[in-house]
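A.B. asks: Have a look at this one.
Read-outs throughout are calculated quantities, based only on the coordinates presented, and are distinct from any laboratory measurement. All values reported here derive from a predicted model rather than from experimental measurement. In this analysis, Cβ positions are derived from the backbone assuming ideal geometry, glycine residues included, and neighbour counts consider all displayed protein chains.
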Amino acid sequence: MQRLTRREVSALLGAGLLAPLAAQARAADAKDTRDASSEDHNAQTHVIDIRRATFEPGTLTIKAGDHITWVNHDIAPHTATEMEGEWDTGALKRGETGTLTFDTEGTHAYYCVFHPHMTGKIIVTA
């Protein structure tokens, strides 16, 4: 199976062809937490604001099991998408949020598929 380049994915998303799939993409180490249970009561929720076409903070260190919520304050839609496409918040319009949980240690670089110059990094520790 041939992998799509970031440019090809961006073009398809821009055309609205991958929007349904982008919202469903999740990695084993990053999961949607809209229905988070109480079993993760020690987990913290961190916020990354999207303002002026940047992720704030650009680098965030969290513990395994913590949640990250991206909040889009910009007029333009944005995503937080792992560089290899392993996880994705889906397109976030102004005022929308996307939350993922990170269970596996490691460093995760990500970008916005609509604005590839927008990048960020998540460092997950034990």
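A.B. asks: With the crude spin-label approximation of a point 7 Å out along Cα→Cβ, what separation in nm comes out for Arg51 versus Phe114?
C.D. replies: Label-label distance for Arg51 and Phe114, simple model: 1.9 nm.
A.B. asks: OK, next. Once label points are set 7 Å from the Cα along Cα→Cβ at both Asn42 and Ile123, what is their separation, rounded to one decimal in nm?
C.D. replies: That separation, rounded to one decimal, is 2.2 nm.
A.B. asks: Here's another thing I want to ask about it. 5 Å is the cut-off here: which amide hydrogens, built 1.01 Å from N in the peptide plane, fall below it relative to Phe55, excluding neighbours closer than 5 in sequence?
C.D. replies: Amide H neighbours of Phe55: Thr119.
A.B. asks: First measure r as the distance between the Cβ atoms of Thr107 and Ile75, then evaluate 1/(1 + (r/R0)^6) with R0 = 25 Å and state the FRET efficiency to the nearest 0.05.
C.D. replies: According to the calculation, E is roughly 0.25.
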